[in-house]
1. What lysines could a cross-link reach from residue 109, if we take a straight Cα to Cα line under 21 Å and drop same-chain neighbours fewer than 8 places away?
2. Rounding to the nearest 20 debye, state how big the charge dipole of the chain is about its Cα centre with +1 on each Lys and Arg Cβ and -1 on each Asp and Glu Cβ.
3. Rounded to the nearest whole Å³, what is the per residue volume of the convex hull around the Cα atoms of the chain?
4. Out of the trypsin sites (Lys or Arg not before Pro) in the stretch 84-155, which ones are loop residues according to DSSP with at most 10 other C-beta atoms within 10 Å?
5. What value, in deg cm²/dmol to 500, does the helix sum -39500 (n - 2.57) over DSSP H runs of n ≥ 4 give at 222 nm once divided by the residues of the chain?
6. Placing unit charges on C-beta atoms (Lys and Arg positive, Asp and Glu negative, everything else neutral), compute the dipole magnitude of the stretch 173-243 about its Cα centre in debye, rounded to 20.
7. Report, in whole Å, the centroid distance computed from the Cα atoms of the stretch 147-206 and the stretch 99-141.
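FYI, it's all coordinate maths here, none of it is from the lab. Predicted model only: the values in this text are computed from it and were never measured. We place every Cβ from the backbone using ideal geometry, glycine too, and count neighbours over all the protein chains shown.
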Amino acid sequence: MSNPILNNNRFSAGEYVLEGEPMTIQGTISKIFMLFACLAAGAAISLYFLFTNPSLATVAMFGGSIIGFILVLVTCFNVSIAKYTAAPYAFCEGLLLGGFSAFFDAAYKGIVLQAILATFMVLFVMLMLYKAKLITYTEKFRAVLLTGILSIGGIYLIQIVAMLFGRSIPAIFDNGPVGILFSFVVIVFAALSLIQDFNFIEESSNRMLPKDYEWFGAMGLMITLVWLYMEILRLLAKLNSRR
């Protein structure tokens, strides 16, 4: 799933006027840790349901994914409510990821830990590349990134519709070379999305935007990390299924 916060509103920060305490990078980092705590709580509850009442776990997973998606859409149109929607979004994503991860770990032991470590490794590497200015955020970068993400989103949408009719896009979602290559490409775009998130947080802080933007920036980064984790988990599952 791509980051739905990737839209023109996100890059119109210069149009806002500071009122009150400004946004800071440190403040945004603290919000990110809060969101991780909410996500972990949701995942723990989902796992508890999975072992005690599987049917309830299924409801929690689907309910969490739907509510989380709605919260993201609502926040896209009103940045100021991010302080109210970010934590519930992270909790709902936790409900989804708890069951989602358990399913994959049951099939391939240890795969979830590998995916978590890989996600944070990618986060660290991309942050270092951004800080060292080896990858810079430009209008061309944004255009290429947006085109790639929309294309990936279109493919997933077609796949969802096809599944409703008992069909599937050939090769792309299999564990063959084409499927593995597709997963790798998606992971690359998810990783590059982190550069956009870093740039937004840094630029918004430099412009001293209102403190509500800390929640908005933290939520945007969380969306990207969840997407990146899920795609890494899928890729590892494809690779393990070939053994």
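1. 238
2. Details: 15 positive and 13 negative charges, 132 e Å.
Using Cβ point charges on Lys, Arg, Asp and Glu, the chain gives about 640 debye.
3. On the way: hull volume 31.6 nm³, N = 243.
So the per-residue hull volume is 130 Å³.
4. Working: sites: 109, 131, 133, 140, 142; in loops: 109, 133.
Those that pass, being in a loop and sparsely packed, are 109, 133.
5. Working: 7 runs with 185 residues, N = 243.
Value at 222 nm, helices only: -27000 deg cm²/dmol.
6. On the way: 6 positive and 7 negative charges, 86 e Å.
With only Lys, Arg, Asp and Glu charged at Cβ, the dipole is about 420 debye.
7. Cα centroid to Cα centroid, the span is 14 Å.
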